[in-house]
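The values are calculated or read from the model by the stated rules, or taken from the named source; none is laboratory data. Fair warning: this is a prediction, and the values are worked out from it, not measured in the lab. For neighbour counting, all protein chains shown are included, and Cβ atoms are generated from backbone atoms with ideal geometry for every residue, glycine included.
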Amino acid sequence: MRAQLREPANDHDHWYRGKWCGVQRHRKATVDVTRPVDLNRNERGASLILALVFITCLGFMAGVSLNVAESTFRDDQASQSFRSDVYGGGGAIDVYINAMRSTATWGREGSACPDLTMTLVDGRTVTVNCVPVNGSGALIVGGAGARSNRIVDLYATIANRRVASARPEFVDGGGSSIGSSVRIRHWITAA
């Protein structure tokens, strides 16, 4: 609300910058009548904006953490599957080694080794292939019919993917009992 006040002025009444000047015919004064000034009025929407920024950041962090958790579960499932494959392949190789202990012809150079196929607990099949190393189980020259040790490479595969391999040496040369001792030269799990 605005009000105009007219004050009668004496010709000799005049104030200029706080000093008495003397001459003015009349002075017109304008007075603004307003409500009390609210100093917090300019910050009224700031708390809403801050709350929205906070909730957006919180939602973004929740989305990122869910993505990390989901990939962790996927990695865990893949590592469990890998461990299951390695254990299944390793078990099948152990069974094959025990079967080779009692048969002196398996693993000789020039003699074929039969494949072994087993069914795992989860229904998948594992196949073990045998490849004799050069000179494996060969006759020893001047050894009166004695043969060298049998050394073979064994490969375990599940769904056409190699999961484990081993190179056992059957110490049955020099007239000792067949397959009485087995040395594993190396054991490899596929990555």
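Worth pointing out:
- Of all the listed residues (A99, A92, A78), the sole one being among the hydrophobic types (A, V, I, L, M, F, W, C) and at pLDDT below 80 is A78.
- Among the residues listed as V126, V182, V152, V163, the single one being crowded, with 16+ Cβ neighbours inside 10 Å, modelled with pLDDT of 90 or more and farther than 30 Å from A78 by Cα: V152
- When segment 108-144 is filtered for residues that are touching a strand residue (DSSP E or B) at 6+ places or on another chain (Cβ under 8 Å) and of a type in the set (A, V, I, L, M, F, W, C), the ones remaining, listed by number, are C113, L116, M118, L120, V126, V128, C130, V131, V133, A138, L139, I140.
- Hey, I49 part of a helix (DSSP H, G or I), over 33 Å from the mean Cα position of the chain (by Cα) and loosely packed, with under 10 Cβ neighbours inside 10 Å or not: yes
Conditions tested, residue by residue: (1) in the same structural domain as A156 (by TED's automatic domain parsing); (2) in a loop (DSSP other than H, G, I, E, B).
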residue	(1), (2)
Q77	no, no
I93	yes, no
A104	yes, yes
C113	yes, yes
T117	yes, no
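- T72 being out of contact with any Ser or Thr (no Cβ under 7 Å at 6 or more places or on another chain) and at pLDDT below 90: yes
- Residue in segment 94-110 that is surrounded by 10 or more Cβ atoms within 10 Å (Cβ to Cβ), within 18 Å of R162 (Cβ to Cβ) and among the hydrophobic types (A, V, I, L, M, F, W, C) present: yes
- Unmet criterion (only one of (1) touching a residue at least 24 places away in the same chain (Cβ under 8 Å); (2) assigned to a loop (DSSP other than H, G, I, E, B)) for V131: (2)
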